[in-house]
Amino acid sequence: MNAPNKSGWKPAMQAAGSGEGSAATHTGNRALMLEEPLIFEIGHRETTGVDLPAPSSGGSDRLGRFARTAPIDLPGLSEPETVRHYTRLSRQNYAIDLGLFPLGSCTMKHNPRLNEKVARLPGFADVHPLQPVDTVQGALAVIDELARWLIALTGMHAVAMSPKAGAHGELCGILCIRAALDARGESGRTVILVPESAHGTNPATAAFAGFSVEEVPANADGRVDLPALKARLARGGDGAGDVAGVMITNPNTCGLFERDMKAISDAVHDAGGYVYCDGANFNAIVGRVRPGDLGIDAMHINLHKTFSTPHGGGGPGSGPVVLSEALAPFMPLPYTARTADGHIHLVEEERADAFSEEHFGGVMQSFGRMTAFHGQMGMFTRALTYILSHGADGLRQVAEDAVLNANYVLRSLEDVLDAPFARSGPCMHEALFSDAGFGGGLSTLDLAKGLIDEGFHPMTVYFPLVVHGAMLVEPTETESKAALDQFIGALRHLAERARAGDETLKAAPVHAPRRRLDETQAARRPVLTWGGTDPR
Amino acid sequence: MRYLPLTDSDRQAMLSTIGAGSIDDLFADVPREAWLDGPIEGLPLHASEQAVERHMRKLARQNVTAGDVPFFLGAGAYRHHIPASVDHIIQRGEFLTAYTPYQPEIAQGTLQMLFEFQTQVARLYGCAVANASLYDGSTACWEAIGMARRITRRNLAILDAGLHPHYVEVARTMARFTGDRIDHVPPVLEAGCGEDALIARIKAAEPSCVVVQYPDILGRIPDLARIGAAAREQGALLIAVNTEPVALGAIRSPGEEGADIVVGEGQALGVGLQFGGPYLGLFAVRDPRHVRQMPGRLCGETVDAEGRRGFVLTLSTREQHIRREKATSNICTNSGLCALAFSVHMTLLGEKGLRALAAENHRLACHAAERLAQVPGVRLLNDTFFNEFTLLLGCDARAVVRRLAGNGVLAGVSLGRLYPDQPQLAEGLVVAVTETTTEEDISALADALQEALA
């Protein structure tokens, strides 16, 4: 192996044996596949890519005894070296700009470039969150306009805009439920029910907010087992139940619409609880179904999924939460409100009670602040730009094409890949397959890595947990039929190899910048910084 | 509809492959009564790129842009010059439009960048290990309090008076639901940071942690080492919060001063103001043994099947997708692209550039403080500061800020805005000065203050 080199430049590949079928080169590069050292191996403390006045000696100093004496030990690069370093790194990434990225539940759709242009207008990008409210009416108008769209599209009563991502939105919704129960004097409700197929963030969020988590079983159909849910709700007994609410993903992570959603909501409401909907998959139904019509009390919307804001290699996200009339009073601060004179108010701690008295008949009783400022403004501008581009008609078409594309993939492959819920009805925006029928000890992981060699990002693998060797394929609406056909062809070929027990798949990928990486070593002997302390 | 590639004939062909008569058949599992039969009424229909851009530009024009006026706001978000190449790099589609690096063989660009970022943050903070980012400084601060609870098995957090009031509010909100107790008092308008009073509070309790902002909300630089010693005596962890990373180019790192956990807002480097988000939560620990209690993603080094160096997300048994209700945090998506912007900006600066940038900020801030303190009726509160200080105006600073905004000067953040319930703080104005502030800006503020206070 090639240990991190602390003495200077050394291409990471140089000492490595050549891969099977690849010719070794002097540099370790392979034409356009370029190796790139770490900045710590090529940069220097004395190099900078920014022109600044040299620090002047003398003059006053207000640093007290705190002036830095020790070096930080940060390497610098000139601008050309910087641009080259990151450009070379960028070429080791797969991205939606390069091809189909069928990560189920993650919704990798095209990111329109108008969104990027608009977000960078100085009137949005160069505005401080604590400017006097009169100087930021345009920014507040973006929040207000986006909020009105989200309310209309979901048929809900209000929306909390400040949550920073989906999981933060879940927390917002769960805290609204906690606050509403406390306000009712029912703090004894401490259980949140979560289906087995839920995203990991659901139980983590409920636990984070102090609830205990119980699983709701699924039926053979891949949907919530309604009789089992009702039985659990009844166990609370005496009208003084212990269930605070349920967290349900709809469409669910098996790619199915929860047909009984309204009945589930009614049962939970009858038992005195609230219904949280994980809105990660709202893109499947936007413009065709309003969650508000299904009895939902709270649902987060991932602007970076349904509304096309970029994922950026892991964020930023944005997770506004739409709320029913029952939960709206508890939404976090700050929030915006437009009054009849057209002025948009920013309601913070200070005026919250007075504003509620004056404009909301005193019902607003926020549970407090979840983040320092007003949420992900840079995502709001992008999402609003996307929504206005599509309009009410286009968004409906978005859902229809997303569902059409997923069903096309499902039906084109169900003869070669096991589709456990193929007979449960049409799928929504994603198609679920399992590893049943693979030969020669081949696994879902092997097939996924094979897709990499075929030039595709793998689908979501081993999730949801309810299906063995799950493969969750979400093509999204921004793929053409030609792109889908090419993907289906590749997946069919791989499925046939997997069924035949073609063991060469175990070596995949062979054409990527790296072969399979040793994740066990990474966790057993963590190296988390360059030249740093081993945190064993 | 320019973002939808399918044609009507594609749709027909695909429906026939599926064996469905119409698109409605695919929505058959949705109860009929929940169907919307057409576009939702009262909402606009699709629009051209030109029409949408025109609308958004109109909204953008209704804001006062920081770069267009003399501008002095800070208090947790700072305006710095961002080199042009930063935005160029974060707009490369391979970074912008990639997902969380779940498939490391085709995500080495993002992963290597995160490994470099973690190392930069750890060094800047004087810590052993940093994570791959959280949402922002305020949520990172709360996560640190939760981590201290898990490590010490205590649930009382003592927050220093100088901690950003929004950060205090976030901690209070969360504590209401987790059973933590929060001990906090508002700041006092004096030159010192009140370490003696804080240490007395620490000695009278058995806290899980003591949370101190460095420099604090009034711009003062607290003595972390003294506070840390008192915390250690009581078996508590010292959490240092930094909202202006550029300051650490001029002052000692919190880790060097003895902080156990260092968190902060990274927005000042590479990210920009953006009306409050997206920002960048930074999170680091001094003792590497604490790493398994950390929230959020971690990138680590390993090798591939051919022995070549590579990077992966690691120690994920701490995280929600593996551990579910037993995870250290519920966070999933973080601030990856903002981390890239921070890291590129930091790489361009390097040690030399960051130290020079910090020195220039401090030089200009010293000059501005001196100039503004000469305005009749204005007093400078601070003995120590980096690029932000508090002026005492002798009258309600909120009214002054509003009046100056009307005259095209964004004067700073009034303490009345930050502490509406504390009338004794109302005369305070927090003023930030960075390398983007010009001599003319400082004169404009001095003149406007003089006129307003006359």
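Figures for the structure shown
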read-out: Cα centroid separation - the range A:125-186 against the range A:448-492, whole Å; value: 34
read-out: Stokes-Einstein D for the range A:167-290, Kirkwood Rh over Cα pairs, 20 °C, 1.002 mPa s (µm²/s); value: 148
read-out: Computed Rg/Rh of chain B, alpha carbon atoms with Kirkwood Rh; value: 1.03
read-out: Chain B: angle of helix B:439-453 to the longest principal axis, Cα-based, in degrees nearest 10; value: 70
read-out: Largest to smallest principal axis extent of the C-alpha atoms in the range B:84-345, angstrom; value: 57, 41, 31
read-out: Packing-based exposure ordering (other Cβ within 10 Å, fewest first) of B:Val344, B:Val69; value: B:Val69, B:Val344
read-out: Karplus 3J(HN,Hα) series, Hz, for the range A:100-108 with 6.51 cos²θ - 1.76 cosθ + 1.60 (x for Gly, Pro); value: 4, 9, x, 6, x, 6, 9, 6, 8
read-out: Percent breakdown of C-alpha pair distances by 10 Å bin, ordered from the shortest bin, for the range A:391-521; value: 12, 42, 32, 11, 2, 0
read-out: FRET efficiency estimate (nearest 0.05) - Cβ-Cβ, A:Thr520 to A:Glu196, R0 41 angstrom; value: 0.90
read-out: Residue order, fewest to most surrounding Cβ atoms within 10 angstrom, among A:Arg514, B:Arg252; value: B:Arg252, A:Arg514
read-out: Packing-based exposure ordering (other Cβ within 10 Å, fewest first) of B:Ile40, B:Ile89, B:Ile217, B:Ile251; value: B:Ile40, B:Ile251, B:Ile89, B:Ile217
read-out: Gained length - A:His468 relative to A:Lys506, 0.36 nm times residue gap less alpha-carbon distance; value: 11.8 nm
read-out: Using a Förster distance of 51 Å, the FRET efficiency for B:Glu41-A:Glu350 (Cβ separation, nearest 0.05); value: 0.85
read-out: Tensor-based shape of chain A (alpha-carbon gyration tensor, a/c under 1.5 rounded, otherwise prolate or oblate); value: oblate
read-out: The protein assembly as shown: C-alpha pair distances exceeding 52 Å, %; value: 15
read-out: The range B:1-54 pair-distance distribution - Cα-Cα, 10 Å bins, rounded %; value: 18, 32, 36, 13, 1
read-out: Calculated FRET efficiency for the pair A:Leu32/A:Ala231, C-beta based, R₀ 56 Å, to 0.05; value: 0.40
read-out: Exposed GluC sites (Glu not before Pro) absent: longest stretch of chain B, with sites in DSSP loops and at most 12 other Cβ within 10 Å deemed exposed; value: B:191-454
read-out: Nearby lysines by direct alpha-carbon distance to A:Lys481 (threshold 25 angstrom, same-chain neighbours under 8 apart not counted); value: A:Lys109, A:Lys305, A:Lys449
read-out: Estimated vicinal HN-Hα couplings, Hz - the range A:421-436 in sequence order (Karplus 6.51, -1.76, 1.60; Gly, Pro = x); value: 10, 4, 9, 7, x, x, 7, 8, 8, 9, 10, 10, 10, 10, 8, 4
read-out: Cross-link reach list, lysines versus A:Lys230, counting only Cα pairs under 24 Å and skipping chain neighbours closer than eight places; value: A:Lys262
read-out: Estimated distance in nm for a label pair at B:Gln62 and B:Ser16, the labels positioned 7 Å out from Cα along Cα-to-Cβ; value: 5.0
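FYI, it's all coordinate maths here, none of it is from the lab. Because the structure is predicted, anything quoted here is derived from the model rather than measured. For neighbour counting, all protein chains shown are included, and Cβ atoms are generated from backbone atoms with ideal geometry for every residue, glycine included.
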